[in-house]
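The values are calculated or read from the model by the stated rules, or taken from the named source; none is laboratory data. Everything numeric here is computed off the predicted structure, so don't read it as measured data. Every residue, glycine as well, gets a Cβ built from its backbone with ideal geometry; the counts of neighbours run over all protein chains shown.
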Amino acid sequence: MAFHSHAILMFSVLILFEPQSVAQQPSVRDLFEQIRVEATTKDATEQFLKIRPDDAEARKYLAVHLPPLIQEDPKERPQAWMNEVRLAGAFKITEAMAALTKWIGLPMSDSPGGSLAERTRLEPFPAGRALVQIGEPAVPTLTAVLERTDWRERWVAYRALDMIGTPSAIKAFRAHLDHEPDQTLKDEMRQALGLS
């Protein structure tokens, strides 16, 4: 009887002193629900980013659930939307590429234009930045954006391809160069390619 009581006491002590990080780690699903809410999105995103991008459970969940949320109008939940886009890039969610290109030219920052350096790095354009993080798989999607009529969307696509920097990315915007209708954008692309 004394042994049994001692074992129960030891087990209780182990449970009481279990590390907080293990005991209170929210599930991927719980974190995702928090990301969708403006009031909790910042903290939930930071916790999500501590998960390794190659975590199969997290990637699978995000691949299914992020694209429809990114597709929604960012004005409804601006901080949550930007964090969802950020996760799509960080976890390289290729399933979100179509949703990201829908908003590729949308600036989302305190100063929508941003400084020249910020614009060059696509900082005001979260969807463009996420496509850069996705990398090579985004090249065909970005190449298609080069054919759109909106100048800003084409500019972000060209910058994203330049930032990806793989041979196929550079080839894509080089091939578009002769078809670019805006002379300013064409000159910038030529300069990036070292042709001027």
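Below are the figures for this structure:
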item: Selection count where residues are buried (at least 24 other Cβ atoms within 10 Å of the Cβ) and in a helix (DSSP H, G or I), scope segment 119-128; result: 3
item: Residue that is at pLDDT 95 or above and hydrophobic (A, V, I, L, M, F, W, C), where the choices are LEU161, LEU193, LEU177; result: LEU161
item: Residues within segment 152-173 that are surrounded by fewer than 16 Cβ atoms within 10 Å (Cβ to Cβ) and either among the small types (Gly, Ala, Ser) or in a helix (DSSP H, G or I) (or both), tallied; result: 5
item: Residue count, segment 120-139 (criterion: among the polar types (S, T, N, Q) and more than 9 Å from the chain's Cα centre (by Cα)); result: 1
item: PHE125 being modelled with pLDDT under 95, more than 30 Å from THR40 (Cα to Cα) and not assigned by TED's automatic domain parsing to the domain that holds ARG36; result: no
item: Subset of segment 121-145 [farther than 12 Å from MET82 by Cβ and aliphatic (A, V, I, L, M)]; result: LEU122, LEU131, VAL132, ILE134, ALA138, VAL139, LEU142, ALA144, VAL145
item: All positions within segment 34-62 that are closer than 17 Å to LYS92 by Cβ and surrounded by fewer than 16 Cβ atoms within 10 Å (Cβ to Cβ); result: LEU49, LYS50, ARG52, PRO53, ASP54, ASP55, ALA56, GLU57, LYS60
